[in-house]
Amino acid sequence: MTPVLFAELVAFCAGVLLLTGVLIVWRRELRAIVRLLAVQGVALAVLVAVIGIDAHLPELVAVALLVLVLKGFVLPVVLGRVAGPAGPGRVETPMINTTASLILLALLTTLAYLVSQPLKAAGSGPTAAAVPIGLALVLFGFLVLATRRHAISQLVGFLMLDNGIAAVAFLIAGGVPLVVELGASLDLLLVVLVLQVLTGRIRAEFGDLDLDDLSELRD
Amino acid sequence: MTQVEVGLWAQLVLALATVSVAVLARPALRARLAGVGAAALGVAGAVTGVLALTGGQGRLVIPLALPVDPVVLSPTPLGGFFMVVAGAVGAVAAVYAIGYVHGPSASASSWAALATFLLGMQLVPAAADAVSFLLAWELMAAASTVLVLTEHRERLEVRSAALWYAVMTHLSFLLILLGFAVLAAAGHGTSFAAMSHVDPASASTSLAFVLLVLGFATKAGIVPMHVWLPRAHPAAPSHVSAVMSAAMVKMGVYGVLLVVLQLLPAGRPWWGLVLLAFGTVSAVYGILQASVATDLKRLLAYSTTENVGLMFLAIGAGVLLRSYGVVGPAEVAAGTALLLVASHAAFKTTLFLGAGSVLHATGLRDLDRLGGLGKRMPTTAATFGVGALGAAALPITCGFVAEWALLQSLIHGARPEDRLVAVVMPVAVAVVALTAGLALMTFVKAYGIAFLARPRGPEAGTAHEGPATMRVALVVSAVAVVGLGLVPGIMATAVVRAVGLGGIDVFGVAGLGLPGVGAALDPVALTGLALLVAIPVLVVTWRMARRRPSRPVDLAWGGGGVRVSPRMQYTATSYAEPLSRVFDDALRPERDLEITHAGESRYLVERVQFRQQLEDVVEVRAYVPAVRLVDRVGLAARRLQNGSIHRYLAYSFVALIAVLIVVSL
């Protein structure tokens, strides 16, 4: 792989990651959000594969396959099943409006670029240049966690946060050892499965997945 | 393995055995088995203490799972003295409890907590480093909190009392922790040996001293941190109050002695003044509140504050005099603190156990409704009387010996050449004299109102003596009061070894000599002399009385004979009325006078209603506003915690962003 092609591929994947992150915040329909998350997962897998092929690491390519299966297919499918068919009740009503969210995203991206200066200095080349995107994804995920009411959105925020962490890890250090990556992926899968069961129970009990209604259970 | 180590192991094993027995045994057998176990635990503590006092060495290292240094137990002679006190009091109280416990205090958790409490208390003076000390201290504090809570279902005030106790005891823990932390940082190590190498003149040492003294004073019930005492003692079962008052508060005194004798022996003069000031205020305030209290156990609790105040006064005088080079009286004063500890342990055990018997028989603590118990409960009356003599510091009891030694050291410590000492010592003497006088009135009231005259209520009229174990424990503790008073030589030997200073020795066969100030007291000889003088007088009086027609005494303390109604007798409140008038400004009683006039007339009165309530001034003026402030802060802080998951997530989000910004700067 030529250096130019490598740089362009890495930049493309990072761009897709950032774009899907912004779109997840922008869209309100839950099914669309889950689809965007699947696209993000695929982009992440491609990024890992590109890094692996460039560095001639078959191990990393295997990890890329794992990421593709888990984040590109399994988790979105599970989430989609929880979200159910499209309908009027499947729309997120965020705590802050879309415009304010998008402005916040811009600020967070700026922040991510500002604070990742030392990280970029640690490496060089196209991967180091993409590190701020991973950090921005972490911040986007946190924003979604803090401002969305729906349980599915919360899960999406959590997964986006994890995508960001994984992206930063692959971009800086060429990934973590396979065993750790396997463990982390398994954890993620378990979290989502448990939450799937939990949201099913919540819906059965309360007929809705709005977390604000759950706070009434206190006292 | 040395004897001391065997003793320490025995305590650990016995405590474990007692806890298991308390949990596993059938309810019918529980009191007997667990009581015997707890008593054995106390005896083991006392024996280990004696071994440590007589020069026994031993070092027990118990590794912990926690990432801290192992627990090191290695009692010094000073610690040994306090182990003897704690163990002996614990053993007597455990025997008493076998007959006394009923209802919730007979439960498995209560017995298990008692064993844990005794173990913690006996290990505090054995600790050889700050971490072990704090662990044992916390064990003692937590177990005693459980014991105070014992009757929380029956009486609502117990919960509030336990809350006060838990807060104050943890405040004490926190202060001690901070004090030890400062010392450990300065001395580069948590062992007491490392801490004793710090520079006594440095500011951090003074800070550590202040923190440690405040912490220990809180546990010891020194004014103004005494507020938990008059609440916790009436709330706890009587055998627990006895142990708490006679042994646990002494651990505060042990802590102060540890600081001024072992950790920071080269004290500054103002340290002595601080201790003296604490002691003086507590002694006077404590006995004043006791003299007007009508709740028997509350009275005893305030009397504890007074006695601990005297101990602090003695320690303070010792530090002050030593720093001014007045060696003899300084050594006597330091030793006197231990005499006071031993004597207070003896008579306060007797008094609390006696109060427990009264409570057991009548269900009452209110003196105004008691009376006439002397005839119905002769053992309790006699032993409580002995204890009252001790608390009033009258001769042939240990209280007298201790206060005599204290006055000797204070009087001989006054040196005209040092202006400060010349002023402080006479003031201290006056304070001790005032407290002795007030203590006399207080205990005349406690004994006279409860045990003499006629019953003031139906409960007192049907009272009966408790089971044999209760009476045995009462008699043992009363014998200790008189025994230590008659042969104070035993205490003198122990004190000399514990303090490691001169100034006190055995005079004659078993009397108390104070070569530091050139005084001596031999109670046996004095008693013999007094009897020699008294016998002829008694004989003559008896002969003269036989010649005259006999005067039947129908009712002692009846105030002139059998009245129409028992309610017309003197009560505790009326007996204390002159005192509460004299000390009106200090006590600030709340009086409420309500006069209802008959019809329209201004001159004819239909009804006069008078109410008087005595509250703790310190509590009302200092603690109530403080608690209100904390409440307000707490309510404001609750707004941060509204239970919304989004708010909590937003907190972490903002925190993350803040950290990122700080890192990138």
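Just so you know, all these numbers are worked out from the coordinates, no wet-lab data involved. Note that this is a predicted model, so its numbers are computed, not measured. When we count neighbours, we look across all protein chains shown, and the Cβ atoms used for this are built from the backbone with ideal geometry, even at glycine.
Note: relative contact order over region B:569-613, using C-alpha pairs below 8 Å and six or more positions apart, is 32 percent. A simple spin-label model places pseudo-atoms 7 Å from Cα toward Cβ; at B:Leu532 and A:Arg27 they are separated by 11.2 nm. Distance from the C-alpha centroid of region B:86-162 to that of region B:642-664: 44 Å, rounded to the whole angstrom.
Scanning chain A for long hydrophobic helices, with DSSP H runs required to stretch 27 angstrom or more by C-alpha along their axis and to average at least -0.5 on the Kyte-Doolittle scale, returns A:3-26, A:30-54, A:125-147, A:151-173, A:178-206.
Note on B:Leu163/A:Ile53: beta-carbon distance plugged into 1/(1 + (r/R0)^6) with R0 of 60 Å gives a FRET efficiency of 0.35.
Among the chymotrypsin sites (Phe, Trp or Tyr not before Pro) found in region B:242-279, not one is both in a DSSP coil and sparsely packed, with 15 or fewer other Cβ atoms within 10 Å of its Cβ.
Ignoring the sites themselves, chain B has its longest run without GluC sites (Glu not before Pro) in a DSSP loop having at most 14 other Cβ atoms within 10 Å at B:155-416.
Once the Cα-Cα distance is subtracted from the 0.36 nm per residue extended length, the A:Leu189 to A:Tyr113 segment shows a gain of 24.3 nm. Exposed loop sites, defined as trypsin sites (Lys or Arg not before Pro) outside DSSP H, G, I, E and B with at most 10 other Cβ atoms within 10 Å, are absent from the longest region of chain B, namely B:1-601. Partner shielding of B:649-661 amounts to 4, given as the average count of beta-carbon atoms from other chains within 10 Å of each residue beta-carbon. Helical content alone sets the calculated 222 nm signal of the protein assembly as shown at -23500 deg cm²/dmol, taking -39,500 (n - 2.57) per DSSP H segment of four or more residues and averaging over every residue. Here the extension length gained between B:Glu577 and B:Leu16 equals 196.9 nm, from 0.36 nm per residue of separation less the Cα-Cα distance.
Does anything in region B:271-298 have its amide N under 18 Å from the 7 Å Cα→Cβ label point of B:Arg419, and if so which residues? In region B:271-298, the label zone of B:Arg419 (backbone N under 18 Å from the point 7 Å along Cα→Cβ) covers B:273. For the protein assembly as shown, the spread of Cα coordinates along the three principal axes comes to 132, 76, 58 Å, biggest extent given first. Say a paramagnetic label sat at a point 7 Å from the Cα of B:Ile490, along Cα to Cβ; which residues of region B:511-535 have their backbone N under 13 Å from it? Output list for this probe position: B:511. The label-point distance for B:Gln641 and B:Ser107, in a model that sets each label 7 Å from Cα toward Cβ, rounds to 2.6 nm. Under the rule a/c < 1.5 gives rounded, and otherwise a/b versus b/c splits prolate from oblate, where does region B:410-487 land using the Cα gyration tensor? Oblate. Using C-alpha pairs under 8 Å with a sequence gap of at least 6, the mean separation divided by the residue count of chain B gives a relative contact order of 11 percent.
In this calculation the C-beta distance from B:Ser204 to B:Glu619 is compared with R0 = 45 Å, giving a FRET efficiency of 0.85. Between B:Asp592 and B:Gln3, residue separation times 0.36 nm minus the direct Cα-Cα distance comes to 205.7 nm.
Answer rounded, prolate or oblate for region B:134-272, using the Cα gyration tensor with square roots of eigenvalues a ≥ b ≥ c: rounded when a/c is under 1.5, else prolate when a/b is larger than b/c, else oblate. Cα axes put region B:134-272 in the prolate bin. Where Rh is the Kirkwood radius over the Cα pairs of region A:85-187, the temperature 37 °C and the viscosity 0.692 mPa s, what D in µm²/s does Stokes-Einstein return? Result for D is 219 µm²/s.
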